[in-house]
Structures are given as C-alpha cells and as structure tokens.
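Here's the structure, in structure tokens; my notes come after.
The values are calculated or read from the model by the stated rules, or taken from the named source; none is laboratory data. Since the model is a prediction, treat every value here as computed from it, not as a measurement. We place every Cβ from the backbone using ideal geometry, glycine too, and count neighbours over all the protein chains shown.
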Amino acid sequence: MAVRNESDLEAQSQSVAEYLFLIMLILMVAVPVSGMALSSSSWFSSIYAKGEYSFVSTRNLAEQLLNASSRIRTLESKLAKNELELARLKQQSRDTDRLRTLLGLRTRSGRVTVAAEVDGRNPDNWFQQVVIDKGKTDKITVGSAVISIAGVVGQVVKVDDHASVVRLVTDPEQKIGVLVPRLGLTGILVGNYQNLARIDYVPSGTNVDVGDKVVTLGKAGTFPDNHPVGTVAAVRRDANNSGSMQIDIKLSENCYDISQVLVLPPLEH
C-alpha cells in the first residue's frame with residue numbers, strides 16, 4: 001500500500017514537472033516572438049512614416065520649384081519690358097539730340113531750311129535714293145541740298161506736294177564740289193554705291209594724306225560752305241592717266257541708315 005502511494009506521488013510530481021517545463025518552453029518561445037512582432041510592426045511603421053515624409057517633402061519641393069519658376073518667368077517678362085522701354089527712351093533721347101543739333105545747324109547756316117524725316121526707301125536703289133516727308137507745300141524745290149548733322153546726304157531730284165525724292169551722295173550720278181581744307185585742293189566728289197566715294201583727276205604729287213578732311217566747296221549756292229563730306233581713306237595713281245591720282249573718300253554720313261535731315265533750297269542769285 002505504501003509502495004503504491006509512493007508511485008502515485010512520483011507520477012504526480014513528474015506530471016507537475018512536465019507542466020512546468022511546458023509552461024517555461026511556451027514562455028521562452030512566446031516572449032521573443034512577441035518582441036519580434038513588435039519589432040516588425042515598429043519597422044513597418046517606421047518605413048511608412050519615412051515614405052510619407054519623403055512624399056510630402058518631394059511634393060513641397062516640387063511646389064516650391066514651380067512657384068520659383070513662375071516668379072522667374074514673371075521677372076524675366078518684366079525685365080524684357082523694361083529693356084524695351086529703356087531702348088525706346090534711349091532712341092527718343094538720340095532723336096531729341098539730333099533734332100536739337102539740326103536746329104543749331106539751321107541757325108548757323110543762315111539760310112532757309114526745312115527739317116524733314118526719311119519716309120521710305122526702295123531696296124532696289126538703297127544707295128541711290130530716299131524719300132523724305134516734305135514737298136512743295138513746305139517750299140522744297142528740285143535741286144535743294146540735303147544734309148545731316150554728320151555730313152552731306154544728297155540733293156532733291158523730284159518733288160510732290162508732301163514728299164520729295166533725294167538722290168544720295170552715294171549715287172554715281174550725284175556729283176558735288178568739294179574742298180580739302182588743309183591743302184586748299186578742290187575737286188568733284190563722285191559716289192560709288194556702298195563702296196568708298198572718290199575724287200578723280202587730282203594732280204600727281206599733290207601731298208594728300210590719309211585722314212585729311214573733305215568738306216563742301218559751296219560755291220554754286222546749293223550746298224553750304226565747309227559742311228562735312230568725309231575723310232581721305234586712300235590715295236592711288238590713276239590707272240588711266242599717269243599724270244593724275246584718285247582719292248578714295250569715306251563719307252561722313254552713313255547713307256545706309258538715315259532718319260532726320262535738313263533741306264536747303266538753292267540760293268537765289
């Protein structure tokens with residue numbers, strides 16, 4: 001009987017030990033798994049949070065870039081408008097200065113003068129003619145001299161009521177009496193389109209230097225005395241006449257770009 005009780009007690013103790021071991025095993029497995037689950041959950045939460053932050057940051061940066069681009073375009077547009085306005089004001093200032101100088105030239109000339117603007121020109125005869133906005137009603141006549149601040153422009157060859165055609169000094173048909181003041185040398189200036197004008201039949205040995213000033217002779221009563229014509233650009237021997245030279249003249253006025261002129265009707269004799 002005593003032996004049986006001891007056996008039962010031993011069996012119960014073994015069962016209790018097994019239960020305790022099972023509980024300990026469950027605790028040993030469950031606790032790390034729980035920690036792992038918590039770690040995984042935290043990791044996924046961290047990844048999501050970082051992704052959301054990156055998305056928001058990228059969106060904000062894109063919006064900032066778009067706003068900055070819009071501001072840059074606005075500033076560029078304003079800058080372009082300001083530059084156009086500045087160019088217009090500068091052009092107005094230059095035109096005002098030209099008009100002021102023309103008025104001074106008119107006063108100094110001591111002759112009847114008419115201020116005019118170039119109204120048009122034909123591309124086919126760009127270096128031969130221009131049209132000005134003054135005509136018969138402004139007392140412009142055929143033969144009137146046309147000058148600018150810089151120099152001689154040409155001569156009126158046709159007149160309508162409110163416009164006139166000017167033959168430019170660059171036209172080979174336009175010939176002007178000129179003077180080299182340093183030498184007292186006179187001659188006839190002949191145009192040569194966009195090339196240098198020239199003075200022919202200058203006596204060989206004449207001491208003409210590059211850079212010498214050339215002005216209007218003004219003896220015929222058409223052009224004013226001593227108005228600029230150009231400067232000597234080159235001197236060479238005349239190929240057709242060994243006893244004379246040719247002088248190339250760089251004109252003072254750029255006939256390619258003329259805007260404002262002064263017209264002087266011929267002096268009455």
- Item | Scan of segment 213-269 for residues that are of a type outside the set (D, E, K, R), touching a Gly at 6+ places or on another chain (Cβ under 8 Å) and outside any loop (DSSP other than H, G, I, E, B), ordered by number | 214, 216, 228, 229, 230, 231, 232, 247, 249, 251
- Message: Between 186, 231, which is within 33 Å of the chain's Cα centre (by Cα) and on the phi < 0 side of the Ramachandran plot?
- Response: 231
- Query: How many residues does segment 140-169 hold that are touching a residue at least 40 places away in the same chain (Cβ under 8 Å) and either among the acidic types (Asp, Glu) or in contact with a Cys (Cβ under 6 Å, 6 or more places away or on another chain) (or both)?
  - Reply: 1
- Among the residues of segment 223-259, which ones are farther than 16 Å from residue 195 by Cα and buried (at least 18 other Cβ atoms within 10 Å of the Cβ)? 223, 224, 227, 228, 245, 258
- (1) free of Cβ contacts under 8 Å to residues at least 40 places away in the same chain; (2) surrounded by 18 or more Cβ atoms within 10 Å (Cβ to Cβ) all hold for residue 137 apart from (2)
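Can you tell me which of 205, 218, 191 is within 42 Å of the chain's Cα centre (by Cα) and at pLDDT below 90? If you could, list the steps in order and put the result at the bottom.
On the way: 205 fails: within 42 Å of the chain's Cα centre (by Cα); 191 fails: at pLDDT below 90.
Matching residue, one of 205, 218, 191: 218.
Quick grid of which residues meet (1) more than 24 Å from residue 135 (Cβ to Cβ); (2) at pLDDT 95 or above; (3) of a type in the set (Val, Ile, Thr):
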position: 231; (1), (2), (3): yes, yes, yes
position: 240; (1), (2), (3): yes, no, no
position: 248; (1), (2), (3): yes, yes, no
position: 251; (1), (2), (3): yes, yes, no
position: 254; (1), (2), (3): yes, no, no
position: 258; (1), (2), (3): no, no, yes
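Against the condition closer than 22 Å to residue 257 by Cα, among the aliphatic types (A, V, I, L, M) and not in a strand (DSSP E or B), how does residue 140 come out, does it pass? Let's see the steps before the verdict.
Working: closer than 22 Å to residue 257 by Cα: no; among the aliphatic types (A, V, I, L, M): yes; not in a strand (DSSP E or B): yes.
Judged against the criteria, residue 140 is not a match.
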- Message: Of all residues being β-branched (Val, Ile, Thr) and modelled with pLDDT of 85 or more in segment 73-118, which is surrounded by the fewest Cβ atoms within 10 Å (Cβ to Cβ)? Just the residue, please.
- Response: 74
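Looking only at residues in segment 145-189 that are part of a strand (DSSP E or B) and polar (S, T, N, Q), which one is farthest from residue 216 (Cα to Cα)? Steps first, please.
Taking segment 145-189 first, the residues part of a strand (DSSP E or B) are 145-147, 152-159, 164-168, 175-180, 185-189.
Imposing the further condition that a residue be polar (S, T, N, Q) reduces the set to 155, 164, 186.
Details: 155: 13, 164: 22, 186: 9 Å.
Once the filter is applied, the top-ranked residue is 164.
When you look at residue 38, is it of a type in the set (A, V, I, L, M), modelled with pLDDT of 70 or more, farther than 30 Å from residue 264 by Cα and in a helix (DSSP H, G or I), yes or no?
no
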- Query: Any residue at all in segment 185-201 that is farther than 30 Å from residue 118 by Cα and among the small types (Gly, Ala, Ser)?
  - Reply: no
